[in-house]
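Before any comments, here is the structure.
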Amino acid sequence: CTMCEMGFVYVKAFLFYVCVLIFSGALRFVIRIITAPFDVEVFGNLPAAFINGALDFYFNLVIACLLGLALYKCADRLDIATE
């Protein structure tokens, strides 16, 4: 299996993923608190939704880059062509 062949690199990638997840959750919470005065009954908190959507996109790119780098690091063990 891929996880077994990657070894400790997979564990490091998973731990980095958990760190990014915790950081993004804390940042979302802070943004919700800061933009709380803009919460409207009918529309909700539009500024927080916009900012959190942009941050979700960014953090998903960070995670994709992290996983790509982990696979690149183990390309020789996984028989992945890198050229």
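The values are calculated or read from the model by the stated rules, or taken from the named source; none is laboratory data. Just so we're clear, the structure is a prediction, and the values are computed from it rather than from any experiment. Methodologically, a virtual Cβ is constructed for each residue, glycine included, from the backbone with ideal geometry; neighbour enumeration extends over all protein chains shown. Ligands, DNA and RNA are excluded from the accessible area calculation, which covers all protein heavy atoms including side chains. Shrake-Rupley method; radii C 1.70, N 1.55, O 1.52, S 1.80 Å.
Taken as a whole, the structure places Asn60 among residues that are assigned to a helix (DSSP H, G or I) and open to solvent by 70 Å² or more (accessible area, probe 1.4 Å).
Scanning segment 63-80 for residues that are open to solvent by less than 100 Å² (accessible area, probe 1.4 Å) and not in a helix (DSSP H, G or I) yields Cys74, Ile80.
In the set (1) open to solvent by less than 50 Å² (accessible area, probe 1.4 Å); (2) part of a loop (DSSP other than H, G, I, E, B), the condition left unmet by Glu83 is number (1).
Contact map, segment 63-83: first residue under 23 Å from Leu21 (Cα atoms), second residue open to solvent by less than 80 Å² (accessible area, probe 1.4 Å) and of a type in the set (Val, Ile, Thr), Cβ cut-off under 7 Å, separation 6 or more or different chains; pairs are Ile63/Val20; Ala70/Val9; Leu71/Ile80; Tyr72/Thr82; Lys73/Val9. Figure legend. Inter-residue proximity from segment 1-14: first residues without any contact (Cβ under 8 Å) to a residue 40 or more places away in the chain, second residues part of a helix (DSSP H, G or I) and surrounded by 12 or more Cβ atoms within 10 Å (Cβ to Cβ), beta-carbon distance below 7 Å, spacing 6+ or different chains. Indicated pairs: Met3/Tyr10.
Residues in segment 43-53 that are in a helix (DSSP H, G or I) and free of Cβ contacts under 8 Å to residues at least 24 places away in the same chain: Leu46, Pro47, Ala48, Ala49, Phe50, Ile51, Gly53.
Of all residues in segment 43-57, those satisfying the criterion of being open to solvent by 80 Å² or more (accessible area, probe 1.4 Å) and over 30 Å from Lys12 (Cβ atoms) are Phe43, Leu46, Phe50.
In segment 8-42, the residue that is surrounded by the most Cβ atoms within 10 Å (Cβ to Cβ) out of those that are more than 21 Å from the chain's Cα centre (by Cα) and either of a type in the set (D, E, K, R) or in a loop (DSSP other than H, G, I, E, B) (or both) is Thr35. Please work out if Thr35 is among the polar types (S, T, N, Q) and in contact (Cβ under 8 Å) with a residue 60 or more places away in the chain. Criteria not met by Thr35.
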